[in-house]
1. Which one of these does R229 not meet: (1) more than 20 Å from Y317 (Cβ to Cβ); (2) buried (at least 22 other Cβ atoms within 10 Å of the Cβ)?
2. Select, from S166, S179, the only residue that is modelled with pLDDT of 90 or more, part of a loop (DSSP other than H, G, I, E, B) and under 25 Å from P48 (Cβ atoms).
3. Determine which single condition V83 fails, assuming it passes every other condition in (1) among the hydrophobic types (A, V, I, L, M, F, W, C); (2) outside any helix (DSSP H, G or I); (3) surrounded by 17 or more Cβ atoms within 10 Å (Cβ to Cβ).
4. Quick one: which of S197, S157 is out of contact with any helix residue (DSSP H, G or I) (no Cβ under 8 Å at 6 or more places or on another chain) and at pLDDT 75 or above?
5. Residue check: is A186 under 16 Å from the mean Cα position of the chain (by Cα) and among the aliphatic types (A, V, I, L, M)?
6. If you check D100, D71, which single one turns out to be assigned to a helix (DSSP H, G or I), touching a Pro at 6+ places or on another chain (Cβ under 9 Å) and either at pLDDT 85 or above or surrounded by 13 or more Cβ atoms within 10 Å (Cβ to Cβ) (or both)?
7. I'd like to know if the range 295-304 contains one or more residues that are in a helix (DSSP H, G or I) and among the hydroxyl-bearing types (S, T, Y).
8. Does any residue of the range 358-372 turn out to be within 19 Å of the chain's Cα centre (by Cα), crowded, with 21+ Cβ neighbours inside 10 Å and part of a helix (DSSP H, G or I)?
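The values are calculated or read from the model by the stated rules, or taken from the named source; none is laboratory data. As the structure is a computational prediction, the values presented were derived from the model and not from experiment. No Cβ is skipped: glycine too gets one built from the backbone with ideal geometry, and neighbour counts run over all protein chains shown.
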Amino acid sequence: MATGDSNPFEGMPFFGDMMRMLSGQGPVQWDGARQLALSIATEGQSEPNIDPLARIRYEQLARVADLQVADATGLSTSTTGRVVAITPVTRTQWVLDTLDVYRPLVEAIAAALKTSTDSNPPDPTDLPTSFSDPTEAWFGQIMGLLSPMLLGMTAGSLVGHLATSSFGSFDLPVPRPPSDDIAVIATNIDRFGTDWSMDEDDLQLWVCVHQITSHSILGMPHVRSELNRLLLDYAGAFEFDPDSITSRFADLDLDMTSGDPMASFQNLMSDPDVILGAVRTDRQHDIQVRLHTLVAVITGYVDHIMDTVGTRLIGSYPQVTEAMRRERVEASASDRFVTRLLGLDLTQDLYDRGRQFVDGVLERAGTDGLERLWSAAEVLPTPNELDAPGLWLARIDL
């Protein structure tokens with residue numbers, strides 16, 4: 001192939017047709033994302049129905065947890081005015097519900113990518129300087145057109161993987177539509193209990209207390225609104241950078257005689273940062289600081305309530321809590337990627353900072369001071385106040 005050709009796919013109808021298809025596709029291919037997520041979550045196998053006895057057991061535990069959380073927080077655990085219900089579901093149902101929750105965020109990213117691409121369309125005659133072969137440049141341009149579709153497929157892949165390890169609706173601090181129905185994945189909870197040789201009732205009650213506590217905070221209108229705003233702001237701040245994508249392909253071995261180009265391509269595409277590394281922007285840093293502040297305070301408060309309720313309610317609470325905390329900080333690469341996709345980086349440092357803030361408030365102002373935390377949107381701590389709870393107390397006149 002001559003390197004001087006401006007279009008290395010000239011006279012190759014397949015690639016021309018593919019380029020037209022990609023340029024005319026919708027922002028996200030949700031049908032494919034859904035199929036991929038379900039395939040991963042179920043490992044291609046049909047799932048058994050939830051045991052009716054398990055439904056009854058979680059219903060009973062939810063009533064106990066609901067009363068204890070309401071007493072410890074002084075907050076209403078309901079977002080709709082009715083009793084909170086915890087329902088065990090299959091991975092399939094959890095996938096379908098979670099994809100719907102993440103859909104506005106993923107589509108905001110896709111819209112941001114499309115806007116930046118439309119503002120700066122690729123010029124086939126303007127090849128990046130990092131490429132000596134026009135084939136590679138055009139391949140990079142194809143990847144640019146593929147990015148919105150890959151984003152949807154990536155979301156499907158990651159939700160599918162999360163379905164194999166998550167315990168319930170609020171493992172990640174992402175608000176869900178107002179509802180008092182909380183889903184838990186019974187299969188994952190049972191497997192975790194077996195792996196760690198835990199008491200079944202203690203583990204299930206721990207999960208119920210954690211899910212209801214998280215639900216009561218994320219369900220508060222001003223908290224949900226602020227968290228949704230930050231997540232959407234972060235998603236909308238992505239930009240498409242063709243040079244970043246194509247530079248990742250500069251080292252791709254496309255020479256059939258010198259190696260295995262398909263293996264090289266598969267290795268590259270197995271790296272989730274191929275997508276995010278191409279589109280993350282400096283502007284997202286400020287948004288992420290504010291997002292992490294709110295998430296740190298939420299998780300710190302939830303951990304405090306868990307300790308308050310769990311130590312008096314769950315016999316093996318220390319053992320269950322230690323196992324759970326190890327699980328959350330030893331997340332898989334796919335777990336980490338979905339949090340980065342949403343702007344969340346749930347490190348142990350973030351959890352520690354949130355808990356230190358809550359402990360600092362309690363030390364200085366007791367439970368009366370902590371009860372002010374969720375009183376109004378303007379009371380929520382700022383990034384500077386996260387590491388200095390005394391400043392927060394001074395601002396709210398305590």
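1. The number of the failed condition is (2).
2. None of the others qualify; the one that does is S166.
3. So the condition that V83 fails would be (3).
4. Numbers: S157 fails: out of contact with any helix residue (DSSP H, G or I) (no Cβ under 8 Å at 6 or more places or on another chain).
The unique qualifying residue is S197.
5. On the way: under 16 Å from the mean Cα position of the chain (by Cα): no; among the aliphatic types (A, V, I, L, M): yes.
Taking the combined requirement at face value, the residue does not satisfy it.
6. Numbers: D71 fails: touching a Pro at 6+ places or on another chain (Cβ under 9 Å).
D100 is the lone residue from the list that is assigned to a helix (DSSP H, G or I), touching a Pro at 6+ places or on another chain (Cβ under 9 Å) and either at pLDDT 85 or above or surrounded by 13 or more Cβ atoms within 10 Å (Cβ to Cβ) (or both).
7. Looking only at the range 295-304, we keep the residues that are in a helix (DSSP H, G or I), and these are 295-304.
Then drop every residue that is not among the hydroxyl-bearing types (S, T, Y), which leaves 299, 301.
For the range 295-304, residues in a helix (DSSP H, G or I) and among the hydroxyl-bearing types (S, T, Y): present.
8. Quick first cut of the range 358-372, residues within 19 Å of the chain's Cα centre (by Cα) only: none.
There is no residue in the range 358-372 that is within 19 Å of the chain's Cα centre (by Cα), crowded, with 21+ Cβ neighbours inside 10 Å and part of a helix (DSSP H, G or I).
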